[in-house]
DNA sequence: GCGAGACTCATACTAAAGTACCAAAAAGCT
DNA sequence: AGCTTTTTGGTACTTTAGTATGAGTCTCGC
């Protein structure tokens, strides 16, 4: 607005070429448009790319359970998760079972889907 | 550019108020900025949100196999997929096996991960 | 009309995944 | 220290998942 007023005064005063003023205003608003648009878009897309830590706590997921969940989403088997986290397969199974209960899932694939929907992965 | 020229002629001709013309040009370029920006952004972000049909063909995934893959990613069991697609569980198992081969996966969870990375889901 | 894939389904297994229940360390809190 | 939750692990089963193999049907292009 300030820029706009200045430009009109300049024209009325007659000490600037009209074409130049219009071009300047056009250019300015062109970039303002780009800037505002970029801002509004980034606020929308960031929502779908961050992990919701509060939700994890809300579900009562423990640290280990969450780690196991992450490995499941990476496609690992219980055996592989056990090796990666230095656990027995039994322990992994225990974690998985508790995990499924807390996420209201019947299967590990479903757990992954639900976790994704809750922005937990 | 055409719009720009017209506006300058209008001012020179003296049959329009300068403020109005400048405002119009500003508004026009404002939206042009938004438009162009949106276009350039969408070409970048669409890469991570659209399904790559070519990749599906490249992998040799058949229609049915792909449908089964989708249901797996929704967390369904073979039994549930069979019911949903009006198939026997045997058939679903066959599709899953072929699916895993084509995706180089050992498990359905891994298939989902790989499919996601390939922008197939 | 015929051959190639795709689709369907069955049987028979093997291998994972998941459940139930229990129990002992380990870690955190007050 | 005492209590609680987490973490760990075991045994014993049941249920899904996945593999192998064979075979009949369907569809589409040529």
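The values are calculated or read from the model by the stated rules, or taken from the named source; none is laboratory data. This structure is a prediction, so every number in the text was calculated from the model and none was measured. Because the Cβ atoms are built from the backbone with ideal geometry, glycine has one as well, and the counts that use them run over all protein chains shown.
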* To do: Tell me, yes or no, whether region B:80-90 has at least one residue that is crowded, with 17+ Cβ neighbours inside 10 Å, more than 9 Å from DNA strand C (Cβ to nearest atom) and closer than 22 Å to residue B:58 by Cβ.
  => no
* Does region B:78-86 include one or more residues that are at pLDDT 95 or above, under 25 Å from residue A:70 (Cα atoms) and touching a helix residue (DSSP H, G or I) at 6+ places or on another chain (Cβ under 6 Å)? -> yes
* To do: Test residue A:69 against the stated conditions and say whether it is modelled with pLDDT of 70 or more, within 12 Å of DNA strand D (Cβ to nearest atom) and not in a helix (DSSP H, G or I).
  => no
* Scan region A:74-94 for residues that are within 28 Å of the chain's Cα centre (by Cα) and closer than 15 Å to residue B:109 by Cβ and jot them down. => A:74, A:75, A:76, A:77, A:81, A:84
* Structure fact -> Reported set for region A:105-121 where residues are near DNA strand C (Cβ under 7 Å from one of its atoms) and outside any helix (DSSP H, G or I) is A:106, A:107
* Asked: Of all residues in region B:96-115 being within 19 Å of residue A:110 (Cα to Cα) and in contact (Cβ under 8 Å) with a residue 24 or more places away in the chain, which is surrounded by the fewest Cβ atoms within 10 Å (Cβ to Cβ)?
  -> B:96
* **Matching residues in region B:75-104 - criterion: being within 8 Å of DNA strand D (Cβ to nearest atom) and part of a loop (DSSP other than H, G, I, E, B)** => B:76, B:77
